[in-house]
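What follows is a short report on a single structure.
The values are calculated or read from the model by the stated rules, or taken from the named source; none is laboratory data. Quick caveat: nothing in here was measured; it's all calculated off a predicted structure. Heads up, the Cβs are rebuilt from the backbone with ideal geometry, glycines too, and the neighbour counts pull from every protein chain shown.
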Amino acid sequence: MYDKIAEFYDKLGWKNYPERLWKHIVSYFKEINFNPRTHLDIACGTGILCINAFKAGIKSEGLDISIHMIRKAIENAKDKNMDINFVQEDMRSFEMNKKYDLITCTYDAINHLLTLDEWLMTFSNVKKHLNYGGIFIFDCNTLKALRERWNGFHMQKDSNGNYIIQKSIFYEDKGQASATFTVFTRRDKDLYNGFEETFTEAAFSSKDIIDVLNKVGFTEVSITNMEFKMLDEPDEEYRNVYVCK
Ligand SMILES: C[S@@+](CC[C@H](N)C(=O)[O-])C[C@H]1O[C@@H](n2cnc3c(N)ncnc32)[C@H](O)[C@@H]1O
């Protein structure tokens, strides 16, 4: 998973999401007067959120199951002369032997876990690694997103001339969607490198997710949009951000 795409993840513009989200996180923390000193990003991908947190003076670390994404994260941090610890770990079972003020899991990384039991294992592990008074923020695709946006065929050409073809199918009975991305990255004027990767995501109702969060000890949970504005009907949105204390 994320083996072939790691090299192109940032170039395809997918790094823009964590960049944008970090700006909203900063504004939100100002609003609630929260000043984390330590941060762990689980499923950190190419390390963009960690790099932004580090820039803001926070001691940040990242973990990801894909060694290819971890290598890219290390390269990205090195390019910026940042000393950030990135490790290959599974978010369901990681052990960092320390606690953090802030833990994040972004860009629907949690949806890659296909059963609610695996979400529970991850949340329980996060809770164990969170300092008293700490905050866990994650975002996820809703069932509505998988049903309506991960079902069908999309083709996109970005400003660098790269093509991304997404063929996806939603399985209503399982609440899961599988998407195959065929990517042609522009190597030269009319020369392209092509590769294909398939991802499967699962989504659950906000009620099921809150139940699991409560079960592992998160007693204060807010469901917001990306700008951290509370949502009245989260299941009617495409993406939810959970703020858990
Ligand atoms: C869509 S990317 C998001 C990356 C990053 N969080 C971001 O905002 O750009 C999903 C990431 O989840 C990672 N991932 C999937 N399952 C994982 C697991 N069980 N433990 C740790 N990382 C996982 C993938 O390797 C991939 O880097």
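Points worth noting:
- Considered as a group, the residues in region 61-89 that are polar (S, T, N, Q) and within 13 Å of the ligand (Cβ to nearest atom) include one that is nearest to Lys4 (Cα to Cα), and that residue is Ser66.
- The residue that is nearest to the chain's Cα centre (by Cα), counting only those in region 98-115 that are farther than 17 Å from Ser206 by Cα and charged (D, E, K, R), is Asp101.
- Looking across region 11-57, the residues that are among the small types (Gly, Ala, Ser) and away from the ligand (no atom under 13 Å from the Cβ) come down to Ser27, Ala56, Gly57.
- Single match in Gly152, Gly175, Gly134 (criterion: at pLDDT below 95 and small (Gly, Ala, Ser)): Gly152
- If you check Ala6, Ala56 for being surrounded by fewer than 18 Cβ atoms within 10 Å (Cβ to Cβ) and among the aliphatic types (A, V, I, L, M), only one passes: Ala56.
- Verdict on Met69 being within 15 Å of the chain's Cα centre (by Cα), of a type in the set (A, V, I, L, M) and surrounded by fewer than 16 Cβ atoms within 10 Å (Cβ to Cβ): no
- Listed by first and then second residue, the pairs with beta-carbon distance under 9 Å, at least 6 apart or on different chains, first residue in region 27-45 and not assigned by TED's automatic domain parsing to the domain that holds Glu89, second assigned to a loop (DSSP other than H, G, I, E, B) and away from the ligand (no atom under 12 Å from the Cβ), form an empty list.
- Residues within region 105-124 that are of a type in the set (S, T, N, Q) and either in contact with a helix residue (DSSP H, G or I) (Cβ under 6 Å, 6 or more places away or on another chain) or farther than 22 Å from Ile25 by Cα (or both), tallied: 3
- Filter result (more than 17 Å from the chain's Cα centre (by Cα) and in a strand (DSSP E or B)) within region 179-190: Thr180, Phe181, Thr182, Val183, Phe184, Thr185, Arg186
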